[in-house]
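Heads up, the thing below is written out as structure tokens.
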Amino acid sequence: MVISALTEEEALEKFKSEVPDLVILDIKMPGMNGIEVLRQMKMIAPQLPIILSTAYHEYTQDLSAWASDEFIVKSPDMLKLKEAVRKYLG
């Protein structure tokens, strides 16, 4: 199942109604950032694997981002993201 959302409110609403097997979040979102969405999702489903993805390397130093199961800096080949998805979905 793929849940696609434009805003953090849409993401959380869809998440609550259809808990997915895996979540990939961008940090830069309109309104609240992906780290806050991550925090709220983990409160609802603590065991759910959540991958944070960003183009901004400086977030690797943000301790809040460490609550994610994987933190990936975006790259053109998406190899690390694909590997992380395989890791959690088998």
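Each value in this text was obtained by applying a stated rule to the coordinates, not by laboratory testing. Keep in mind that this is a model prediction, so the values were computed, not measured. In this analysis, Cβ positions are derived from the backbone assuming ideal geometry, glycine residues included, and neighbour counts consider all displayed protein chains.
Just the residues that are of a type in the set (S, T, N, Q) and touching a strand residue (DSSP E or B) at 6+ places or on another chain (Cβ under 9 Å), please, taken from segment 34-56.
Let us first name the residues in segment 34-56 that are of a type in the set (S, T, N, Q), namely 40, 47, 53-54.
Once the filter is applied, which keeps residues that are of a type in the set (S, T, N, Q) and touching a strand residue (DSSP E or B) at 6+ places or on another chain (Cβ under 9 Å), segment 34-56 yields 53, 54.
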(request) Filter segment 17-54 for residues that are of a type in the set (S, T, N, Q) and either under 21 Å from residue 73 (Cβ atoms) or in contact with a Pro (Cβ under 9 Å, 6 or more places away or on another chain) (or both) and give the result. (result) 33, 53, 54
